[in-house]
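Comments concern the structure below.
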Amino acid sequence: GSSPERQQPGAALPVGRGRGTLQVVQEGKRGLFATCRSSQYPTMTEAAPLDKSLGNRAAVLAALFDANLRFDGRKPLAWRTLHLQLQRREGFGGAEIEMGKTRVLAEVSAELVRPHPDRPTEGLLQFNVELSPTASWPSATAHPSIELTRMVERGIRDSQALDLEALCVVAHERVWALRVETTVLDDDGNLIDACVLACMAALQHFRRPQVSVDVRGGESDGLVTRKVTVHHSDEKDALPLPLHHVPLCVTFGFFQGPRSNVPEVVADMTRAEEAVAAGRLSVSLNTHKDLCALRKGGGCSVSPSMLLMLTQTAALRVQEVHGWLVAQLKSADEKANKERQLRIRGRDYEAARSVPDPKAMLNTAVHPDSKAIESLDYNDLHKTYATWEDDRAPGGGEN
């Protein structure tokens, strides 16, 4: 029962000192199916899906308290592997997070709008979380999308992670309005952490276009007109969003055991574990260990010492995830900048930077032995290069 590897269907986990076994029957479309036979927990005679049924509760608690393992082979305070896919185009930025079998897609878009009358110099930041039909699952919350949206807003917008005043173009007239649309593609638990991480990755990868304001007229005659021009990224470099800090969320689950009043703490719960958890705690922190948001759900009580311990554990996890996210964003940004250079300068520019096979240079204007072009300026555009055909001419290319 101490092996961290994922248990395959048909494997049996010991659930105590001779008190029975937990057998994984199969892993279907709706999740893991299991049977549990133990004197400490109700007997489950038939395989049943892992929902809020009595058999599911017995199987989860038996694996956790007796074997100190979870159905996917992880330890209680172990997280699933993260995968990130980033994309960027004009006025758009997207990030897709894979946290185990949980998949969340966040997309950022921007437009110029009129500001609110009570905040004429601040931009707008709106969040919306939706569950796709394929990810829908019965939940204790009447509207899980509303709960997810509120937690994302509290962790990012209410913590002032984004400088809204820097999104102002013309006071009282034009500001940038950012909208983050988040879609849950697959739900296998821990949606709050996945949604916050996807939103922050999309906001950091997004680039807003530069704008210029042309003022015409004078204040003497009272006829002042302002023309706002949005420049394409090929004309002027798009700008990153002014972020003060990067808040990330870490959620823990609590399970009440049969022999102790102290709950067992589990990190990064799956959907099956969330269905039978006695409570959960979501902690939103940044890399400076500033508490951005805190939410406690469920009826399981948490002592102050345990709350402090979980907050410290969440801070370490945030540092780890933030370092991983920075590396992913740097790689994606380099790729996007390279594609932009190719789009502006043309594909022939990239071909000139490398030294290809001489046989492939017969129909090109770059000598195979010439030095690769590092940049193109006025002199490069008016410089004559020797061709492969010139080398083959009498005189060694001096004709």
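The values are calculated or read from the model by the stated rules, or taken from the named source; none is laboratory data. Worth saying up front: this structure is predicted, and the values here are computed from it rather than measured. In this analysis, Cβ positions are derived from the backbone assuming ideal geometry, glycine residues included, and neighbour counts consider all displayed protein chains. Heavy atoms of the whole protein, side chains included, go into the accessibility calculation; ligands, DNA and RNA do not. Shrake-Rupley method; radii C 1.70, N 1.55, O 1.52, S 1.80 Å.
Is it fair to say Gly73 is part of a strand (DSSP E or B) and open to solvent by less than 30 Å² (accessible area, probe 1.4 Å)?
Taking the combined requirement at face value, the residue does not satisfy it.
Could you list, in sequence order, the residues of the range 119-131 that are open to solvent by 30 Å² or more (accessible area, probe 1.4 Å), of a type outside the set (Asp, Glu) and touching an Asp or Glu at 6+ places or on another chain (Cβ under 8 Å)?
Passing the criteria: Thr121, Asn128, Leu131.
Show the residue pairs that are 6+ apart or on different chains and have beta-carbon atoms under 8 Å apart, the first residue being within the range 293-311 and within 14 Å of Thr251 (Cα to Cα), the second being open to solvent by 50 Å² or more (accessible area, probe 1.4 Å) and part of a loop (DSSP other than H, G, I, E, B).
Correct list of pairs: Ala293/Asp158.
Looking only at the range 167-206, which residues are closer than 21 Å to His231 by Cα, modelled with pLDDT under 95 and open to solvent by 20 Å² or more (accessible area, probe 1.4 Å)?
Across the range 167-206, the qualifying residues are Cys168, Val169, Ala171, Glu173, Arg174.
Please go through the range 207-228 and pick out each residue that is at pLDDT below 75, surrounded by 10 or more Cβ atoms within 10 Å (Cβ to Cβ) and out of contact with any Ser or Thr (no Cβ under 7 Å at 6 or more places or on another chain).
Residue satisfying the conditions is Val224 alone.
For the range 281-294, check the following and say yes or no: at least one residue is over 18 Å from Arg80 (Cα atoms) and among the acidic types (Asp, Glu).
yes
Would you mind finding the one in Arg207, Arg271, Arg226 that is touching a Pro at 6+ places or on another chain (Cβ under 7 Å) and among the charged types (D, E, K, R)?
Working: Arg271 fails: touching a Pro at 6+ places or on another chain (Cβ under 7 Å); Arg226 fails: touching a Pro at 6+ places or on another chain (Cβ under 7 Å).
None of the other options fit; the residue is Arg207.
Looking at the range 96-118, which of the residues that are touching a residue at least 40 places away in the same chain (Cβ under 8 Å) and more than 30 Å from Glu273 (Cβ to Cβ) is surrounded by the fewest Cβ atoms within 10 Å (Cβ to Cβ)? Walk me through how you get there before you give the answer.
Keep residues of the range 96-118 that are touching a residue at least 40 places away in the same chain (Cβ under 8 Å), which gives 96-97, 99-115.
Then drop every residue that is not more than 30 Å from Glu273 (Cβ to Cβ), which leaves 108-115.
Values: Val108: 26, Ser109: 15, Ala110: 21, Glu111: 11, Leu112: 17, Val113: 13, Arg114: 13, Pro115: 23.
Checking each candidate, the answer is Glu111.
Enumerate the strands (runs of 3 or more DSSP E) found wholly within the range 87-178, keeping only those where 1 or more residues are among the small types (Gly, Ala, Ser). Give the steps one after another, and end with the answer.
Numbers: elements: 92-99, 102-113, 124-131, 168-170.
Hits in the range 87-178: 92-99, 102-113.
When you scan the range 378-397, do you find a residue that is part of a helix (DSSP H, G or I), at pLDDT 55 or above, open to solvent by 40 Å² or more (accessible area, probe 1.4 Å) and among the aliphatic types (A, V, I, L, M), even just one?
No; the residues of the range 378-397 include none that is part of a helix (DSSP H, G or I), at pLDDT 55 or above, open to solvent by 40 Å² or more (accessible area, probe 1.4 Å) and among the aliphatic types (A, V, I, L, M).
Taking the criterion of being hydroxyl-bearing (Ser, Thr, Tyr), touching a helix residue (DSSP H, G or I) at 6+ places or on another chain (Cβ under 6 Å) and surrounded by 15 or more Cβ atoms within 10 Å (Cβ to Cβ), would at least one residue in the range 265-278 satisfy it?
Let us first name the residues in the range 265-278 that are hydroxyl-bearing (Ser, Thr, Tyr), namely 270.
Next cut, touching a helix residue (DSSP H, G or I) at 6+ places or on another chain (Cβ under 6 Å) only: none.
Scanning the range 265-278, I find no residue that is hydroxyl-bearing (Ser, Thr, Tyr), touching a helix residue (DSSP H, G or I) at 6+ places or on another chain (Cβ under 6 Å) and surrounded by 15 or more Cβ atoms within 10 Å (Cβ to Cβ), so the answer is no.
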